[in-house]
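For reference, the structure is listed below as structure tokens.
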Amino acid sequence: MAATSPDGHKWSQAQTRRLIRFRADNEPRFLKSKASAKQQWQALISELELEGKVSSQQVSKKWENLKKRYKELKTGKSGAGTDAGEVTATNWQYYEDMHEVLGARPCMDPPLLVDAGAEEEDIPTTMDTVEPTPSPSSSSSPPPPKRRKSDPFMDFLEKESMKEEERHRETQHNTERFLSLFERLLEKM
């Protein structure tokens, strides 16, 4: 089945597959600039003998639509079924072609995914890292809580928390010192 562009041109499977392969083979040229990308699309239009039938902008849009469909199918829709015969990764005719081109890219297959809602015993929550504030008479602060995994955000929050506790201790110390001096001044009067 051929896809129809807005101007009425029907893309054949062979043309679409050639577009996918052409885009992959010329990746560096497409990344240079918009003008360079436009030149590449014009070269494909000439190769496929589509002059006057499609513009470089329409070919670019076709590529973007193919990428969008691939991304949708690769990630899948949560809870979506195929009872209505909708297109899936297993039955979309261009999925393998697109996967060959885009599948290994970091934007398509990130090296690490973190589920923020996952509960693991070795990943502390903010409640796990809260320590009671020491009394003013205590001169040393408690050691920071230890975590098994390094998390830059949690490290930042802990450092900021420790700085805030230190500022609080300094303020308490200065307040006590002021009150002591004030009491001495009153005694001398």
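The values are calculated or read from the model by the stated rules, or taken from the named source; none is laboratory data. Only a predicted model underlies this, so the values are computations on that prediction, with no experimental measurement involved. In this analysis, Cβ positions are derived from the backbone assuming ideal geometry, glycine residues included, and neighbour counts consider all displayed protein chains. The protein model used for the area step is the full one, side chains on, heavy atoms only, and it has no ligands, DNA or RNA in it. Shrake-Rupley method; radii C 1.70, N 1.55, O 1.52, S 1.80 Å.
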When residues of region 6-30 are limited to those that are open to solvent by 40 Å² or more (accessible area, probe 1.4 Å) and in contact with a helix residue (DSSP H, G or I) (Cβ under 8 Å, 6 or more places away or on another chain), the one nearest to Tyr95 (Cα to Cα): Arg17
Cβ pairs under 9 Å, 6+ apart, first in region 1-15 and assigned to a helix (DSSP H, G or I), second modelled with pLDDT under 60 and surrounded by fewer than 15 Cβ atoms within 10 Å (Cβ to Cβ): Gln13/Met1; Gln13/Ala2; Gln15/Ala2
Residue match in region 77-93 (condition: among the basic types (Lys, Arg), in a helix (DSSP H, G or I) and modelled with pLDDT under 90): no
Filter result (touching a residue at least 12 places away in the same chain (Cβ under 8 Å) and over 19 Å from Asp25 (Cα atoms)) within region 37-54: Leu50, Lys53, Val54
